[in-house]
1. Let me know the shape class of the stretch 13-152, please: from the alpha-carbon gyration tensor, a ≥ b ≥ c as square roots of the eigenvalues, rounded when a/c is under 1.5, otherwise prolate if a/b is greater than b/c, or oblate.
2. Mind ranking THR147, THR15, THR47 by accessible surface for me, highest first, 1.4 Å probe?
3. Across the chain, where is the longest run that never hits GluC sites (Glu not before Pro) in a DSSP loop with at most 13 other C-beta atoms within 10 Å?
4. How far, in degrees from 0 to 90, does helix 307-331 lean away from the longest principal axis of the Cα atoms of the chain, to the nearest 10?
5. Simple spin-label model, 7 Å along Cα-to-Cβ: LEU135 to GLN311 in nm?
6. Which residues in the stretch 274-314 place their backbone N less than 19 Å from a point set 7 Å from the Cα of GLN355 along the Cα-to-Cβ direction?
7. Give me the accessible area of HIS399, 1.4 Å probe, in Å² rounded to the nearest 10.
8. Using a 1.4 Å probe, how large is the accessible area of LEU263, given in Å² and rounded to the nearest 10?
Amino acid sequence: MPKIRKEDKLPLRLTQLGKIYRLVEQFEEISRIDLSKLSRLAPATITALTRELIKEKLIVERAVQNTESRGRPAIGLCVSPFYWQALCATLVENRFELILSELDGGEIKNRVYPLTATDLVHLDQVLVQHLQQFLFETQHELNHLITFSIAVGGELDSKNRLIKLGDTKLDLDLESLFKPYFKVPVLVTEYFQTWLMAESTLGSVINCDNVLFLQLDDVINFSVLSKGELLTHQHQVRSHINKMIVPKISPLQELINPHLADLERYQLQHQITHKAIYPLITHYFPDACSVQSKIEFLCQKANEQHPQAKQILYYVADSLAYILMNLVNIFDSEKIMLSSSFLNAKEIFLPRVNQTLKANLGADYPHVEVITGRYEWNTPVVASAAIKQGIYDGSLLGHFIKH
């Protein structure tokens, strides 16, 4: 899997500006001298770059009183809490959410538009109507927009077209759909990608260079951070582990996809995704047939210490731990970041995953553990992560800074 570095194609000055912005955001009230040390850029270069970021109102100067001296207050640099705004959208199968916020994350206005099965038939028209309504409602608050970013809880193809949303197959060019309504860039990403951007740059693994990112729900999304770089395919950040084989470890597997041939039946995608687990839930809990969220129902029963519910969660945890053991050995990872609806029974599910993983890895990887993220799956910070990444790598800055 080759590493794709977008910044290698950009002018050096833009990548330097993005690097300095990121350091200022990470180390609030940082001095130019410390910026020079951390970035390994000459003081004169730092002076020029910070002057440009101040001019573009991306950062500001702030007086910082030195407690060790009564002399003149030092000058620290901070991300500007005003001027630039970001408009972020999150699109999943049952809702379209729009958030207008300051660039530092302060929310200005938020609207959630529910989506029905009928809406998905004419999704392009429905999305445009909701966007137009939101833009009308925020016309007096919306100023100095830096970009419009939409993160989809679905699948994009190599041309960045939306081809799947939940279980619904589509063929929709979201960038072309929304571009007529903005004079700024339109960014389209998969939500999984923005989630791992947020966690790796601002969240729970900010100082860890070797991380596995895994989302386990109705689909399995997987990505690798190795030596501080995301390993990507040519067109997408997500890797595929759907066809990795789960061994026969539990009698419960006799109830999962018995109609499939063994080679396909024991693939990860047919063993521990939502669809794979539904037959187990309905087998032990017939009343769950009428429940809208069967996984939430399962976790609730497990939290109530129902033995069959715990048995199902233990099976999922053990199967996941086996796969993670192989992936840790391949990528030499230190941490595993997990997002999953099974974590609704976190106190039962997560310890079991870590216990089994530790047993599988033995003494070779004593410190490896599965952890949960800092951000919830639907938090605004995640939705805006693609915008921050565009600033960090300089690609977004090139749209309004002359180079």
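1. Verdict is prolate for the stretch 13-152.
2. Result, largest first: THR47, THR15, THR147.
3. 142-303
4. 50
5. About 5.7 nm separates the two model spin labels.
6. 299-314
7. So the heavy atoms of HIS399 present about 130 Å² to solvent.
8. Result for LEU263: roughly 140 Å² accessible.
The values are calculated or read from the model by the stated rules, or taken from the named source; none is laboratory data. Only a predicted model underlies this, so the values are computations on that prediction, with no experimental measurement involved. All Cβ positions, even for glycine, are placed from backbone atoms using ideal geometry, and neighbour counts span all protein chains on display. The protein model used for the area step is the full one, side chains on, heavy atoms only, and it has no ligands, DNA or RNA in it. Shrake-Rupley method; radii C 1.70, N 1.55, O 1.52, S 1.80 Å.
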